[in-house]
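The values are calculated or read from the model by the stated rules, or taken from the named source; none is laboratory data. Keep in mind it's a predicted model, so treat the numbers as computed, not measured. Every residue, glycine among them, receives a Cβ derived from its backbone with ideal geometry; neighbour counts consider all protein chains shown.
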Amino acid sequence: MTELTGGSALPQERRVVTAIPGPKSLELQARRTATVAGGVGSVLPVFTTRAGGGVIEDVDGNSLIDFGSGIAVTSVGASAEAVVRRASAQLANFTHTCFMVTPYEGYVEVCERLAELTPGDHAKKSALFNSGAEAVENAVKIARAYTKRQAVVVFDHGYHGRTNLTMALTAKNMPYKHGFGPFAPEVYRVPVAYGYRWPTGPENCGPEAAAQAIDQITKQVGAENVAAIIIEPVLGEGGFIEPAKGFLPAIVKFANDNGIVFVADEIQSGFCRTGQWFACEDEGVVPDLITTAKGIAGGMPLAAVTGRAEIMDSAHAGGLGGTYGGNPVACAAALGAIETMRELDLNAKAKRIEEVMKARLAVMQEKFPVIGDIRGRGAMIAIELVKDPETKAPAPEAAGALAKACHAEGLLVLTCGTYGNVLRFLPPLVIGEDLLNEGLDIIEAALGRL
């Protein structure tokens, strides 16, 4: 099984020919250390030469199984034919004019696709940006312009970015916020429905967490002061937490009843990642605004805020934008990514990945009590590791050791979670089932050695 990567076939196989990282990667790492700021980290310092389908090839000739997708970015593969074809054609025509100077059709076409694909049948408009953090920050600007209010409500375990405002919105201190304050004001954090760790059990979590969150907003902030409520329909960096059933609809109803703009942050969970175009569709949630990035453009930098036309139009002319926002090459790539998602039915592929992974992980959980919880949807699956299944004490050391063991065998995995004890799996949606199962074999063997 091969994928065309810019005209050359990239074999879809794991191949480990040196230690990982190998000697050439170590040489490049020395050069990097001399010139790249130390604050920029890497999960695994192997230097990539080619990637596509379900593999990443490094400078030493190793081919790694990819369970990361560049943090949910290369859902269509890292060299999808339609993305490469469309972006290359646009690159040959022009690289940039700035949409705010002279516009171009690609930007408009991406906004048309977003209006079609995002939940709800109301009139929608979009604005395009470069990164997820930019999209979230602009969603706040738009909500404040529309409501004439200032307060923003976010949730425990939430992650929304690394700019000053989005650091304030993000829950986790290290490494995202530590030492970087002071942060933007008028941001308020309330509980989320984290079923696995809810004191009265997952079956009570949804309604109880919603009641707590609404009570705190009402008493501590005042609903009439809130411009926006922002939540990830599946919380990403916080540990792939699926809010317990009933939680999101209750929060949406509260927002609607009080004139608050409800913002779904679908930056990690959007574009077929959970087996639906957007994760909020799972409980029929229709957001007022939806932020997207990551999987939108097959690896090119692009982000969007899409929402109700009357809300999107509340910002004054010239109030939204940016020099590179909606770059023409990135727009072409996005159209190629959406074409690929539709043609290959990547929602169905994501559901099949969930089926395979959850079945295999459930067997592992029976054998290895370190796996406290298996959760997620589609190709956004995680295991939470604990020292003791009864106390649920987090085991971040085990998560780190497991990731390291997988890396050594040629499987790229990522960790996450407020407690650093979650292994998250984000394979490209085009990964072959043989590679998927081989990756799961490596995880099972590593758990056995732990």
Next item on the list: Could you tell me whether any residue of region 240-248 is in contact with a strand residue (DSSP E or B) (Cβ under 6 Å, 6 or more places away or on another chain), more than 20 Å from SER269 (Cα to Cα) and not assigned by TED's automatic domain parsing to the domain that holds THR415?
Entry: no
Check: In region 350-388, what count of residues is obtained for those that are within 16 Å of the chain's Cα centre (by Cα) and not aliphatic (A, V, I, L, M)?
Finding: 4
Notebook entry, point to check: How about region 399-450: which of its residues are part of a helix (DSSP H, G or I) and among the small types (Gly, Ala, Ser)?
Noted result: ALA399, GLY400, ALA401, ALA403, ALA405, ALA408, GLY439, ALA445, ALA446, GLY448
Next item on the list: With the condition kept exactly as written, say whether any residue in region 199-221 is among the β-branched types (Val, Ile, Thr), part of a helix (DSSP H, G or I), outside the structural domain of GLY39 (by TED's automatic domain parsing) and crowded, with 24+ Cβ neighbours inside 10 Å.
Entry: no
Checklist line | Selected residue [modelled with pLDDT of 95 or more, more than 22 Å from the chain's Cα centre (by Cα) and outside the structural domain of VAL305 (by TED's automatic domain parsing)] from GLY22, GLY53, GLY7 | finding: GLY22
Note to self: What pairs come out if I take residues in region 404-415 that are over 16 Å from GLY22 (Cβ atoms) and of a type in the set (Ser, Thr, Tyr) and pair them with residues that are buried (at least 18 other Cβ atoms within 10 Å of the Cβ) and at pLDDT below 95 whose C-beta lies under 8 Å away, six or more apart or interchain?
What the structure shows: none
Notebook entry, point to check: Restricted to region 38-55, and to residues that are surrounded by fewer than 24 Cβ atoms within 10 Å (Cβ to Cβ) and of a type in the set (Val, Ile, Thr), which residue is farthest from LEU402 (Cα to Cα)?
Noted result: THR49
Notebook entry, point to check: Of (1) part of a strand (DSSP E or B); (2) in contact with a His (Cβ under 6 Å, 6 or more places away or on another chain); (3) of a type outside the set (Phe, Trp, Tyr), LEU10 satisfies all except one. Which?
Noted result: (2)
Next item on the list: Give me a count of the residues in region 228-284 that are surrounded by fewer than 24 Cβ atoms within 10 Å (Cβ to Cβ) and not in a loop (DSSP other than H, G, I, E, B).
Entry: 11
Next item on the list: Could you tell me whether ALA315 is touching a residue at least 24 places away in the same chain (Cβ under 8 Å) and not assigned by TED's automatic domain parsing to the domain that holds PHE425?
Entry: yes
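Conditions (1) touching a strand residue (DSSP E or B) at 6+ places or on another chain (Cβ under 8 Å); (2) more than 20 Å from ILE338 (Cβ to Cβ); (3) touching a residue at least 60 places away in the same chain (Cβ under 8 Å), marked per residue:
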residue	(1), (2), (3)
PHE67	yes, yes, yes
ILE71	yes, no, yes
PRO119	yes, no, yes
LYS124	yes, no, yes
VAL136	yes, yes, yes
ALA143	yes, yes, yes
VAL154	yes, yes, yes
TYR159	yes, yes, yes
LYS172	no, yes, yes
Next item on the list: Could you check how many residues of region 331-342 are in contact (Cβ under 8 Å) with a residue 60 or more places away in the chain and either surrounded by fewer than 24 Cβ atoms within 10 Å (Cβ to Cβ) or closer than 17 Å to ALA133 by Cα (or both)?
Entry: 3
Check: Only one of (1) farther than 16 Å from LEU447 by Cα; (2) outside any strand (DSSP E or B); (3) out of contact with any Gly (no Cβ under 6 Å at 6 or more places or on another chain) is not met by ARG375, so which one is it?
Finding: (2)
Check: Among the residues of region 153-166 satisfying the criterion of being closer than 20 Å to ALA193 by Cβ and either touching a helix residue (DSSP H, G or I) at 6+ places or on another chain (Cβ under 6 Å) or at pLDDT below 95 (or both), which is surrounded by the fewest Cβ atoms within 10 Å (Cβ to Cβ)?
Finding: VAL154
